[in-house]
Amino acid sequence: MTTTTKQINVERVTVTSRKSSQDVLSKFDAAVGRPDIEEFWKRMTAAKTTSEMEKVVQSALGPSGFMEFARFDHGGVVHKGETGDHPKIFRLVIGNPLVMREMVKHVPDAGSYAPVTILVDERSDGVHMSYDRVASFLAPYENAEALKVAKDLDVKVEALLSAIASVT
């Protein structure tokens, strides 16, 4: 048995919106595909070719080019049993399996970082949407191909967060 440890410095991006958490989550819902995840994985397993797999993925993506894999209501757990109104906290796991595939081809550990997590939480100054840049996770692996894909992914996620936070 061999155990290795790698130090990874993470860059966290936080976009703050003055919108309500309900409005922010509604914008996510409109931008990110929300397939029946069990059916999605059945279709992915049944796909025999890369082309068939790509069609399954494309059919699950929203206008942003991402799909939602899971949504966790952290606030519901944190404030369980308490009375009154409490800040909302959600963890959204979103991504695009085709993007993950390109990163993992070059750096297998990239599978630990995709799909990505967006933390949406209410605070006194607004709704924070926080995201850890995948490029910062992959930088220590020194693989130019994977890093290019990760940087492109970061740009797309950050554009999504900015669009959701915008007033329009």
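Can you give the log10 of the normalised intensity I(q)/I(0) at q = 0.18, 0.23, 0.28 Å⁻¹, computed with Debye over equal Cα scatterers of segment 27-75? Here the Debye-derived log intensity ratios amount to -0.58, -0.83, -1.03. Computed over every Cα-Cα pair of the chain and binned at 10 Å starting from 0, the pair-distance distribution P(r) comes out as 10, 34, 33, 19, 4, 0 percent.
The gain in end-to-end length when the Ala163 to Thr83 segment is fully stretched comes to 25.4 nm, 0.36 nm per residue minus the alpha carbon separation. Against the main long axis of the alpha-carbon atoms of the chain, helix 37-46 sits at an angle near 10°. Over segment 32-93, Cα pairs under 8 Å with separation of 6+ residues give a relative contact order of 35 percent. Tell me the relative contact order for segment 28-168 as a rounded percent, counting alpha carbon contacts under 8 Å between residues six or more apart. Once divided by the residue count of segment 28-168, the mean separation gives 18 percent.
Compared with the dominant Cα axis of the chain, that is its longest principal axis, helix 50-60 is turned about 10°. Give the relative contact order (percent, whole number) for segment 1-63; include only Cα pairs under 8 Å separated by 6+ residues. Result for segment 1-63 is 36 percent.
Accessible area per residue for segment 82-144 in Å², computed with a 1.4 Å probe and the full protein assembly in place, what is it?
Working: 2910 Å² over 63 residues.
Dividing the accessible area of segment 82-144 by its residue count gives 46 Å².
Sorted on the mean count of surrounding Cβ atoms within 10 Å across their residues, most packed first, peptides 74-81, 96-103, 59-66 read 96-103, 59-66, 74-81. The order of the peptides 117-127, 11-21 by mean Cβ neighbours within 10 Å, most packed first, is 117-127, 11-21.
As I understand it, the value is the acute angle between the Cα axis of helix 97-106 and the longest principal axis of the Cα atoms of the chain; what does it come to in degrees, rounded to 10? Its long axis makes an angle of about 50 degrees. The simple Förster model, with R0 at 41 Å and r as the Cβ-Cβ distance, assigns Ser51 and Arg91 a FRET efficiency of 0.80.
Here, P(r) means the percent of Cα pairs in each 10 Å bin from 0 to the largest distance; for segment 72-168 it is 15, 39, 27, 16, 4, 0. Per residue, segment 19-75 exposes 57 Å² of accessible surface when a 1.4 Å probe is rolled over the protein heavy atoms with every protein chain present. Nonpolar atom fraction for segment 1-119, defined as the carbon and sulfur part of the 1.4 Å probe accessible area, stands at 51 percent. The convex hull defined by the C-alpha atoms of segment 1-95 has an orientation-averaged projected area of 11.0 nm².
Whole-percent P(r), segment 92-144, all Cα pairs, 5 Å bins from 0: 4, 19, 25, 20, 13, 9, 6, 4, 0.
The values are calculated or read from the model by the stated rules, or taken from the named source; none is laboratory data. Nothing here was measured: the structure is a model prediction, and the numbers come from that model. Neighbour counts run over all protein chains shown; Cβ positions are idealised from the backbone, glycine included. Heads up: the accessible areas ignore ligands, DNA and RNA and are worked out on the full protein's heavy atoms, side chains in. Shrake-Rupley method; radii C 1.70, N 1.55, O 1.52, S 1.80 Å.
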